Amino acid sequence: MTNRKTLVWDLPLRIFHWSLVLLIFAQWLTAEVLDGYMDLHAKFGYSLLGLVIFRVVWGIVGPKHSRFGSFLRGPSAIYHYAHSLLSRRPSTYTGHNPLGALMVPAILIVVGAQGISGLFVTDDVLFTGPYYPSVTDETQGIMQWLHHTLFDVLLIIIGLHISAILSYELLLKKPLIGSMLHGKKDVQSKNGITHSRWILAVFIALIIAAFMYWLVVVAVPEVELDFYY
Ligand code: HEM
Ligand code: HEM
């Protein structure tokens, strides 16, 4: 069978990826570069948390190459892939390769933990996360530490991710970036997907948006006024 341009990355996954990139950039901008944008920082943070939840659900019910079960593999597959990579003749995979696949849970865990810790921190000036007043001083300290430290961990993972993608593009001549934009790869059509399941994705996104609203608006405990004085 010959290879032809075949849909591999569904539309919701691609929207997830590029929204993640834009929002993480916006988080850095609103926290470290611009002053007075903490409200926006919090809203982008809630959106990032929602995105992470979406990707976890999509990893269970999404199309083939988005499902965790289709790309998370055991140590021996990872070892064999790493070996083939060192010989500069990497085995071909339609979706994520076993080594690159490890980055997916790593990024989801770190961004998820960064978003959750944000709910419990303060900038010591005007803004406090919605659950900051509800926890002990000790928990506040741990969350503050996590919120500062995890971003450095995230930057390291992103640096590795972008370097890996650029190496595939430039050294191994694999057009991965284009495929994350239009969704298609040059593979046998039987290995691709036929639908993006976007109606299911919209339905899941709406439920998650409602959950996030509940979490950061409805469920937030009322604060005693003397907490601030
Ligand atoms: C904030 C920066 C970034 C983050 C957090 C990030 C995160 C991710 C994640 C989580 C995936 C896995 C997709 C999934 O299955 O859920 C992925 C895949 C991918 N990303 Fe990124 N990404 C970033 C920046 C970029 C940039 C700048 C590029 C392009 C230069 C890029 C190109 C790709 C490609 C091509 C894939 C698919 C890899 C494959 O074929 O296995 N990413 N990225
Ligand atoms: C995944 C989502 C998030 C990312 C990537 C992120 C990233 C960051 C970064 C890079 C900083 C600067 C840390 C430093 O100066 O070392 C920061 C600070 C801060 N973030 Fe976030 N954040 C996220 C979510 C949130 C959320 C949801 C909230 C609150 C609702 C929040 C509230 C804050 C506050 C109050 C600060 C200031 C802390 C301080 O000055 O000590 N963040 N965030």
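Any read-out appearing in this document is the output of simple, stated calculations on the displayed coordinates, not a laboratory observation. Note that the coordinates shown come from a computational prediction; the quantities given were computed from them, not determined experimentally. When we count neighbours, we look across all protein chains shown, and the Cβ atoms used for this are built from the backbone with ideal geometry, even at glycine.
Tally up the residues in region 15-42 that are within 16 Å of ligand 1 (Cβ to nearest atom) and of a type in the set (Ser, Thr, Tyr), please.
2
Only one of (1) near ligand 1 (Cβ under 9 Å from one of its atoms); (2) surrounded by fewer than 17 Cβ atoms within 10 Å (Cβ to Cβ) is not met by Tyr168, so which one is it?
(2)
Of the residues His41, His65, which single one is part of a helix (DSSP H, G or I) and within 17 Å of Leu176 (Cα to Cα)?
Working: His41 fails: within 17 Å of Leu176 (Cα to Cα).
So the residue among His41, His65 that is part of a helix (DSSP H, G or I) and within 17 Å of Leu176 (Cα to Cα) is His65.
If Pro98 satisfies every condition in (1) part of a helix (DSSP H, G or I); (2) crowded, with 18+ Cβ neighbours inside 10 Å; (3) within 22 Å of the chain's Cα centre (by Cα) but one, which is the exception?
(1)
So is Gly129 touching a strand residue (DSSP E or B) at 6+ places or on another chain (Cβ under 9 Å), closer than 25 Å to Glu222 by Cα and of a type outside the set (A, V, I, L, M, F, W, C) or not? I'd like the intermediate steps shown before the answer.
On the way: touching a strand residue (DSSP E or B) at 6+ places or on another chain (Cβ under 9 Å): yes; closer than 25 Å to Glu222 by Cα: yes; of a type outside the set (A, V, I, L, M, F, W, C): yes.
Yes, satisfied.
Looking at (1) surrounded by fewer than 21 Cβ atoms within 10 Å (Cβ to Cβ); (2) within 19 Å of Ile207 (Cβ to Cβ); (3) of a type in the set (D, E, K, R), which is the only condition Arg55 fails?
The single condition Arg55 does not satisfy is (1).
Only one residue in Val125, Val111 is in contact with a helix residue (DSSP H, G or I) (Cβ under 7 Å, 6 or more places away or on another chain) and within 15 Å of ligand 2 (Cβ to nearest atom), so which one is that? Walk me through how you get there before you give the answer.
Working: Val125 fails: in contact with a helix residue (DSSP H, G or I) (Cβ under 7 Å, 6 or more places away or on another chain).
Val111 is the lone residue from the list that is in contact with a helix residue (DSSP H, G or I) (Cβ under 7 Å, 6 or more places away or on another chain) and within 15 Å of ligand 2 (Cβ to nearest atom).
Examine region 83-91 for a residue that is of a type in the set (A, V, I, L, M), over 30 Å from Val217 (Cβ atoms) and more than 16 Å from ligand 2 (Cβ to nearest atom), and state whether such a residue exists. Let's see the steps before the verdict.
Quick first cut of region 83-91, residues of a type in the set (A, V, I, L, M) only: 85-86.
With over 30 Å from Val217 (Cβ atoms) added as a condition, the list becomes 85-86.
Narrowing further to those that are more than 16 Å from ligand 2 (Cβ to nearest atom): 85-86.
For region 83-91, residues of a type in the set (A, V, I, L, M), over 30 Å from Val217 (Cβ atoms) and more than 16 Å from ligand 2 (Cβ to nearest atom): present.
Name the residues in region 124-145 that are among the hydroxyl-bearing types (Ser, Thr, Tyr) and buried (at least 19 other Cβ atoms within 10 Å of the Cβ), would you? Steps first, answer last, please.
Restricting attention to region 124-145, the residues satisfying the condition of being among the hydroxyl-bearing types (Ser, Thr, Tyr) are 128, 131-132, 134, 136, 139.
If the condition is that a residue be among the hydroxyl-bearing types (Ser, Thr, Tyr) and buried (at least 19 other Cβ atoms within 10 Å of the Cβ), then Thr128, Tyr131, Tyr132 are the ones that fit.
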